[in-house]
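Engineer: Below is one structure. I have some questions about it.
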Amino acid sequence: MFHRIRHRAKGPSEVERQLAELVAQHEQKLPWIGAPTDPPQSAEAAPVVDDFLPPGLRVPSHDQVEGRMMPWKQPLVIGGEMAACSQCGAYRDWLILSTRGEIWLRCRAGHQQQETRLDTVWFNRNSGPADATHATFEDCLRHLGH
């Protein structure tokens, strides 16, 4: 067994030599395997085409929106505690707002409170894709039924 291993280590086998010869022959025939060829020279420049999405299909970037919000119908449990409105005691049917790196909770009665135990990472992980954009905060509240 050791004799066969030492024998293989001495040099390439006959099959490996034949393969190397075939590769060398094909390198001369196929330009993408051999030396790189010069790119074709065009007499005129390619026309500039706006291939970006039409304005109706574009989504505003994060720096173009003031904030994002999502509905949260069920009770919101944070760190083992159920979040409740500090003014009316409501504990479900929230609007969760993410703006300027802060998270705010808004109850059905319109009371808002900052929730420091949540962050934008939590919001991004739990929110779905935006289904609409609105020019004003009130338009967004109407859209979400508040």
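Engineer: At 0.36 nm per residue, and after removing the present C-alpha to C-alpha distance, how many nm does the segment from residue 112 to residue 142 gain when stretched out fully? Before the final figure, lay out each step's value.
Structural biologist: Values: separation 30, 0.36 × 30 = 10.80 nm, distance 1.63 nm.
Extra length from residue 112 to residue 142 when fully extended: 9.2 nm.
Engineer: Please compute the modelled spin-label separation between residue 131 and residue 73, points set 7 Å along Cα→Cβ, answer in nm with one decimal.
Structural biologist: 1.1
Engineer: From the P(r) of region 64-143, could you give the percentage of C-alpha pairs in the tail past 20 Å?
Structural biologist: 27
Every number in this text was worked out from the coordinates using simple rules, so none of it is lab data. Please read these numbers as outputs of a predicted model, since none were measured by experiment. Cβ: placed from backbone, ideal geometry, glycine included. Neighbour counts: every protein chain shown.
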